[in-house]
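What follows is a short report on a single structure.
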Amino acid sequence: MSWIKTIPYEEAEGPLKKLYDRIKGPDNNVDNVMLIHSLRPHSMTGHMQLYKNVLHNSNNTLPKWYLEALGVYVSYLNHCDYCLQHHFAGFKRLINNDSRAEAFYKTLPTENIVDFFEEKRYRIGMRHAKKLTLNHKDITQDDISTLRNTGFSDGEILEINQVVSYFNYVNRTVVGLGVTTEGDIIGLSPGNSDDPDDWGHR
């Protein structure tokens, strides 16, 4: 499951058990990406707060499927199979079109991923995600102007920045500690976007 010790749900006690109860899914399943924090529960709390508010908050105005698509692409670029599997499943569920989801998946290794999106601003947003992930030192104010000029509000630009930055963080967390999907239920996520304190996975 990982290269460091983790504490399974059945062995958790006190504050860690309470935290697990907040984030668990069916059959007391806790995703490995969260189990990896079990020796330092305070970092699990920070991770969940960031994840929930960046990706699963109803105050975001970009469609959740697009935020998931950004996460899938960043995870592909970072060679993070764990996040790629989980968030592709989420993307697929959200667009509710299996053939279109598979078409998106097949474009990941190619430049055609940009052409997958019909709206120009979504194509530009994906290009920005790639640059921020692989060439962040080359980002300039002109890149932000480009996003703005294609129809993104400044708040939506912030959403893109936060989602891309979050996935760069979590990709390095799981890759750096050898986290696998063994035992996970692929694609679970916090479903209640109206309540930032509802961390249950379903």
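Where a number appears in this text, it was derived from the coordinates with a stated rule and is not lab data. Since the structure is predicted, the reported quantities are computational estimates derived from the model, not experimental observations. Here Cβ is always computed from backbone atoms with ideal geometry, including for glycine, and neighbour counts include all displayed protein chains.
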| said: Test of understanding: express the Cα radius of gyration of the chain as a ratio to 2.2 N^0.38 Å, with N the residue count. | reply: 1.03
| Using the alpha-carbon centroid of each, what span in Å lies between segment 110-159 and segment 31-83? | 19
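Treating only the Cβ of Lys, Arg, Asp and Glu as charged (+1, +1, -1, -1), what charge dipole size does the chain show about its Cα centre? Round to the nearest 20 debye.
Using Cβ point charges on Lys, Arg, Asp and Glu, the chain gives about 320 debye.
What percent do you get for the relative contact order of the chain when only Cα pairs under 8 Å and 6+ apart count? List each step's numbers first, then the result.
Numbers: 240 pairs, mean separation 71.4, N = 202.
Reported relative contact order: 35 percent.
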| task | Set Lys and Arg Cβ to +1 and Asp and Glu Cβ to -1, take the dipole of the chain about its Cα centre, and tell me which of 30, 20, 157 lies farthest positive. | result | 157
| task | Pairs of Cα atoms under 8 Å, at least six residues apart: use those to get the relative contact order of segment 64-176, whole percent. | result | 34
| request: Specify, per residue and in Å³, the volume enclosed by the convex hull of the alpha carbon atoms belonging to segment 64-176. | output: 94
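Grab the DSSP H runs of the chain that are 4 residues or longer, score each as -39,500 (n - 2.57), total them, divide by all residues and round the 222 nm result to the nearest 500 deg cm²/dmol.
Values: 9 runs with 115 residues, N = 202.
So the helix-based figure for the chain works out to -18000 deg cm²/dmol.
What ratio of Cα Rg to 2.2 N^0.38 Å holds for segment 28-92? Display every interim value, and only then the final one.
On the way: Rg = 12.7 Å, N = 65, 2.2 N^0.38 = 10.7 Å.
Against the compact-globule rule of thumb, the ratio is 1.18.
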| query | With respect to the cross-link table entries 106/130; 64/130; 5/130; 17/92; 18/64, which display a Cα-Cα separation exceeding 22 Å? | reply | 5/130; 17/92; 18/64
| query | Any idea what the relative contact order of segment 27-127 is, in percent, if you count C-alpha pairs under 8 Å spaced at least 6 apart? | reply | 16
| field | Estimated dipole of segment 1-78 in Debye, rounded to 20 [Cβ of Lys and Arg +1, of Asp and Glu -1, Cα centre] | value | 240
| Near residue 52, which aspartates and glutamates are there with a Cα under 18 Å away, not counting those fewer than 8 places off in the same chain? | 21, 31, 68, 156, 159, 194, 195, 197, 198
| message | Under 10 Å, Cα contacts only: if you run a Gaussian network model on the chain, which one of 11, 156, 119 comes out with the highest mean-square fluctuation? | response | 11
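When 198, 27, 184, 154 are ordered from fewest to most other Cβ atoms inside 10 Å of their Cβ, what list results? Could you put the intermediate results ahead of the total?
Values: 198 15, 27 7, 184 20, 154 10.
Going from least to most buried by this count: 27, 154, 198, 184.
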